Amino acid sequence: MTKVGILSDTHGWIHPQIVSLMNNCALIVHAGDVIDANTLEVFTQQIFAVQGNNDGHLQLPQVETVKLPGGDLAIQHGHQHGWHTPSHDLLRKAHPHAKAIIYGHTHKQVIDKTASPWVINPGAGGEIRNGGSSKCLVLNASTEQEWQITAHAF
C-alpha cells in the first residue's frame, strides 16, 4: 500500500498539522498555488507539485502523473478547465486513463467518485479562502478496488 498526502492552494503558508500529516506519507502531491517554493522545504518526503495560476514565477510542470498501485494519479491545478469552477467532465477528458485526477484552484474540498476517473480537490491547505479550516486529503492506494481517501481539516 502507498500512502499519498494531497494538498493544494497553500499560498505561501502550510498549516503545521498538515505538514506533520504529509511527512507521514510515502509521497506528497501539491496541486498548485504554492506561491513561495520555500514553503515546500518543510516536507521530508518526495513531492510532486504542479504550477497553479499564481505560480508563473516557479519552475513547476503544468501537469504531473504519478504511478501508484492500482492506477495513475493525474495532477494539475485545474484553472485551464474552467476559471471559477473547473469542469469535472473536461478534467476527465484530459486524463481518461487515470484512476483519479487531483486539482486545486477553487479552495473547496471535493471528492467526486460518480464517474471514472475520480475527480478530487483537497481544498486549501493554507490560510487564504480556506472556509474556516486548512484542508488536505490522504489517499491509501493498493489495488484499483482498494483506493481509500480520508479528508482532514485543521
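The values are calculated or read from the model by the stated rules, or taken from the named source; none is laboratory data. None of the values given here were measured: they were computed from a predicted structure. Reconstructed Cβ throughout: ideal geometry from the backbone, glycine too, with neighbour counts over all protein chains shown.
Identify, from the list THR65, THR150, THR85, the residue that is within 25 Å of GLN17 (Cβ to Cβ) and either in contact (Cβ under 8 Å) with a residue 60 or more places away in the chain or of a type outside the set (Asp, Glu) (or both). Show your work before the answer.
Details: THR65 fails: within 25 Å of GLN17 (Cβ to Cβ); THR85 fails: within 25 Å of GLN17 (Cβ to Cβ).
Sole residue among the options that is within 25 Å of GLN17 (Cβ to Cβ) and either in contact (Cβ under 8 Å) with a residue 60 or more places away in the chain or of a type outside the set (Asp, Glu) (or both): THR150.
Of all residues being among the hydrophobic types (A, V, I, L, M, F, W, C) and buried (at least 16 other Cβ atoms within 10 Å of the Cβ) in the range 48-69, which is nearest to PRO96 (Cα to Cα)? Just the residue, please.
Filtering the range 48-69 for residues among the hydrophobic types (A, V, I, L, M, F, W, C) gives 48-50, 58, 60, 63, 66, 68.
Those still in the list that are buried (at least 16 other Cβ atoms within 10 Å of the Cβ) too: 48-50, 58, 60, 66, 68.
Details: PHE48: 20, ALA49: 21, VAL50: 19, LEU58: 28, LEU60: 23, VAL66: 14, LEU68: 16 Å.
Ranking the candidates gives VAL66 first.
Mind checking whether some residue in the range 14-27 is in contact with an Asp or Glu (Cβ under 8 Å, 6 or more places away or on another chain) and either of a type in the set (A, V, I, L, M) or surrounded by fewer than 22 Cβ atoms within 10 Å (Cβ to Cβ) (or both)?
Initial filter on the range 14-27 (in contact with an Asp or Glu (Cβ under 8 Å, 6 or more places away or on another chain)): 15.
Pick out the ones that are also either of a type in the set (A, V, I, L, M) or surrounded by fewer than 22 Cβ atoms within 10 Å (Cβ to Cβ) (or both) and you get none.
Scanning the range 14-27, I find no residue that is in contact with an Asp or Glu (Cβ under 8 Å, 6 or more places away or on another chain) and either of a type in the set (A, V, I, L, M) or surrounded by fewer than 22 Cβ atoms within 10 Å (Cβ to Cβ) (or both), so the answer is no.
Give the residue that is surrounded by the fewest Cβ atoms within 10 Å (Cβ to Cβ), with candidates limited to residues of the range 127-138 that are more than 10 Å from the chain's Cα centre (by Cα) and modelled with pLDDT of 95 or more. Walk me through how you get there before you give the answer.
Residues of the range 127-138 that are more than 10 Å from the chain's Cα centre (by Cα), as a first pass: 127-135.
Within this subset, residues satisfying the condition of being modelled with pLDDT of 95 or more are 133-135.
Working: SER133: 13, SER134: 24, LYS135: 26.
For the range 127-138, the residue satisfying everything is SER133.
Starting from the range 120-136, take each residue that is on the phi > 0 side of the Ramachandran plot and list its partners that are outside any loop (DSSP other than H, G, I, E, B), counting only C-beta distances under 6 angstrom and pairs at least six apart or across chains.
Partner pairs satisfying both residue conditions: GLY123/GLN109; GLY123/LYS135.
In the range 29-47, which residue that is of a type in the set (Asp, Glu) and surrounded by fewer than 18 Cβ atoms within 10 Å (Cβ to Cβ) is nearest to ILE6 (Cα to Cα)?
So the first thing to find is which residues in the range 29-47 are of a type in the set (Asp, Glu), and the list is 33, 36, 41.
Then keep just the ones that are surrounded by fewer than 18 Cβ atoms within 10 Å (Cβ to Cβ); that gives 36, 41.
Numbers: ASP36: 18, GLU41: 16 Å.
My answer is GLU41.
Of all residues in the range 127-154, which are among the charged types (D, E, K, R) and assigned to a loop (DSSP other than H, G, I, E, B)? Explain how you work it out, then say what you get.
From the range 127-154, those among the charged types (D, E, K, R) are 127, 129, 135, 144, 146; that's our starting set.
Hits for the range 127-154 are GLU127, ARG129.
Please verify whether the range 68-82 includes one or more residues that are of a type in the set (A, V, I, L, M), within 28 Å of TRP13 (Cβ to Cβ) and touching a Gly at 6+ places or on another chain (Cβ under 8 Å).
For the range 68-82, residues of a type in the set (A, V, I, L, M), within 28 Å of TRP13 (Cβ to Cβ) and touching a Gly at 6+ places or on another chain (Cβ under 8 Å): absent.
Within the range 15-62, can you find the residues that are without any contact (Cβ under 8 Å) to a residue 24 or more places away in the chain and small (Gly, Ala, Ser)?
Matches in the range 15-62: SER20, ALA37, ALA49, GLY56.
Name every residue in the range 84-111 that is basic (Lys, Arg) and either out of contact with any helix residue (DSSP H, G or I) (no Cβ under 7 Å at 6 or more places or on another chain) or surrounded by fewer than 16 Cβ atoms within 10 Å (Cβ to Cβ) (or both), in order of residue number. Before the answer, list the steps.
Our first condition is that a residue be basic (Lys, Arg); within the range 84-111, this holds for 92-93, 99, 108.
Result: ARG92, LYS93, LYS108.
Going by the structure shown, is GLU64 more than 15 Å from the chain's Cα centre (by Cα) and among the charged types (D, E, K, R)?
On the way: more than 15 Å from the chain's Cα centre (by Cα): no; among the charged types (D, E, K, R): yes.
Here the answer is no, as GLU64 does not meet what is asked.
Being at pLDDT 95 or above and not charged (D, E, K, R): is that true of TRP83 here?
Values: at pLDDT 95 or above: no; not charged (D, E, K, R): yes.
No.
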